[in-house]
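All of the numbers you see were taken from the coordinates with simple rules; none came from a lab. Since the model is a prediction, treat every value here as computed from it, not as a measurement. Backbone-built Cβ (ideal geometry, glycine too); neighbour counts: all protein chains shown.
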There are 2 protein chains.
Amino acid sequence: MSAEWDPYRGDCPSRMLLDRIGDRWTVLVVGVLSDGPHRFSELGRRVVGISQKMLTQTLRSLERDGLITRTVYAEVPPRVEYRLTEAGHTLQEPLRALQTWATEHMDAVVDSRRAYDRVGGRLDR
Amino acid sequence: MSAEWDPYRGDCPSRMLLDRIGDRWTVLVVGVLSDGPHRFSELGRRVVGISQKMLTQTLRSLERDGLITRTVYAEVPPRVEYRLTEAGHTLQEPLRALQTWATEHMDAVVDSRRAYDRVGGRLDR
């Protein structure tokens, strides 16, 4: 860890990285790849509703950041597989924790939103 | 945890919640509030570069989701403080893990991006 990276500084690239890894599609795609290598079409099926364009962008960003590899097998038609790199594997745990938090707290969040909207956002104490 | 929430389903609200909590501003604001209650202006100073509008939106979303409270003290001028709720405190750990991951892996990510861009994104194996 470099002391130089600090996402609280406005100009630090780690802030953009933080954004990237917290992105819903990154969380879900890395989650699927945690099970092992997958092809593009399989990923698209598992992450319901992701567009082809968004899946392509997400995979390209992950590859550029060194978190997944893209392997092309010389078959007819060519088979392309995506898999987590060693660095990508280290991302699994924080992202899984985030996803678990979201599903575990969704009920409470829904209740809170209802209460907030009922009083028009005036929850001042 | 409700089995009904599944962010892999396109229509599940937990996907939006996942987006929200992974947002860079949420990560950074919750990080500051982990130290204790803060006023709006203090938050703006700590999270360098966040606009007033974005800070207002982030705080409002966090309040609506039940993760922070907004307390108005009857002083002149009125003092307004934001603090994490019990649910908000449970979010600290996953978000801190995400932030730690980003700063720890930033060097490797920068190297990977350089390599990727050098070959014009063709890292096929």
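General observations
- Helix A:24-33 vs. chain A, principal-axis angle (Cα, 0 to 90°, nearest 10): 40
- In nanometres and ascending order, the distances from the A:S41 label point to those of the other copies are 6.1 (point 7 Å from Cα along Cα→Cβ).
- Projected label points at B:R46 and A:M16, each 7 Å from Cα along the beta carbon direction, are separated by 2.6 nanometres.
- With bins 5 Å wide beginning at 0, the percent of Cα pairs of the protein assembly as shown falling in each bin runs 1, 6, 13, 16, 17, 15, 12, 9, 5, 3, 2, 1, 0, 0, 0, 0.
- Assigned charges on the beta-carbon of Lys, Arg, Asp, Glu; the range B:13-118 dipole about Cα centre (debye): 360
- The protein assembly as shown, dipole about Cα centre (Lys/Arg Cβ +1, Asp/Glu Cβ -1), debye to the nearest 20: 740
- For the range B:1-51 versus the range B:61-100, the inter-centroid distance based on Cα atoms is 10 Å.
- Axis-nearest residue of A (beta carbon) for the A-onto-B rotation, whole Å: A:G22, 1
- Relative contact order of chain B: 21 percent, from C-alpha pairs under 8 Å at least 6 residues apart in sequence.
- Estimated vicinal HN-Hα couplings, Hz - the range B:96-101 in sequence order (Karplus 6.51, -1.76, 1.60; Gly, Pro = x): 5, 4, 5, 5, 4, 4
- Between A:M54 and B:R39, the distance separating the two model label sites (each 7 Å from Cα on the Cα→Cβ line) works out to 4.1 nm.
- On Cα atoms only, tilt of B:52-64 relative to the major axis of chain B in degrees: 80
- Kirkwood Rh in Å, taken over all unlike Cα pairs in the range B:13-118: 15.1
- Spacing of the two label points (7 Å from each Cα toward its C-beta) at B:Y8 and A:E75, in nm: 2.2
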